[in-house]
1. To the nearest 0.05, what FRET efficiency results for Asp86 and Phe41 with a Förster distance of 22 Å applied to their C-beta separation?
2. Relative contact order for segment 11-70 using alpha-carbon pairs under 8 Å, separation at least 6, rounded to a whole percent?
3. Between rounded, prolate and oblate, where does segment 11-97 land on the alpha carbon gyration tensor, with a ≥ b ≥ c its root eigenvalues, rounded for a/c under 1.5, else prolate if a/b exceeds b/c?
4. What shape does segment 1-62 take by its C-alpha gyration tensor, where a ≥ b ≥ c are the square roots of the eigenvalues and a/c under 1.5 counts as rounded, a/b above b/c as prolate, and the rest as oblate?
5. Modelling each spin label as a point 7 Å along the Cα-to-Cβ direction, I'd like the Ser20/Asp59 distance in nm, to one decimal.
6. Would you kindly state how much longer the chain becomes between Ala29 and Asp51 on full extension, computed as 0.36 nm times their sequence separation minus their alpha carbon distance, in nm to one decimal?
Amino acid sequence: MQRGAVVDEASSYVGLRKISVGPGADGTARLLVNGKPLFQFGFLDQGFWPDGLHTPPTDEAMRFDIASTLGFGMNLARKHIKIEPDRWYYWPTSLASSSGRICRAAATTRPTRGRTSPASGSG
């Protein structure tokens, strides 16, 4: 503040969750979020946007996509091959969903008994 007037302002948020594995009602190991079992139900999202191929046209388009996923009764959007812009990851958190990001490139850097993983095409 300068002379009683706000000059600059910033806001943020944080969401902390405890992710663990524990027994479900039937005693089988289950994914737990904040100590409660969560069955992940979703689809493989190719991340294709007709207006820009792999680039979402607007922030509203990203929000609509995730809100629609929740509207279909799903709680997971598993991304395939591509990595969305950082802004995309804001919406699942805001709209109470979860996202799974699958990166094939990450699998190619993990050696298995002195060999590269099968995902790299060798070994």
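1. Details: r = 25 Å, r/R0 = 1.14.
Efficiency for this residue pair is about 0.30.
2. Numbers: 43 pairs, mean separation 10.4, N = 60.
17 percent.
3. Working: a/c = 2.52, a/b = 1.80, b/c = 1.40.
Verdict is prolate for segment 11-97.
4. On the way: a/c = 5.95, a/b = 1.39, b/c = 4.28.
Oblate.
5. Taking the simple label geometry, Ser20 and Asp59 are separated by 3.6 nm.
6. On the way: separation 22, 0.36 × 22 = 7.92 nm, distance 4.26 nm.
Length gained between Ala29 and Asp51: 3.7 nm.
FYI, it's all coordinate maths here, none of it is from the lab. Note that this is a predicted model, so its numbers are computed, not measured. Glycine also receives a Cβ, built like all others from the backbone with ideal geometry; neighbour counts cover every protein chain displayed.
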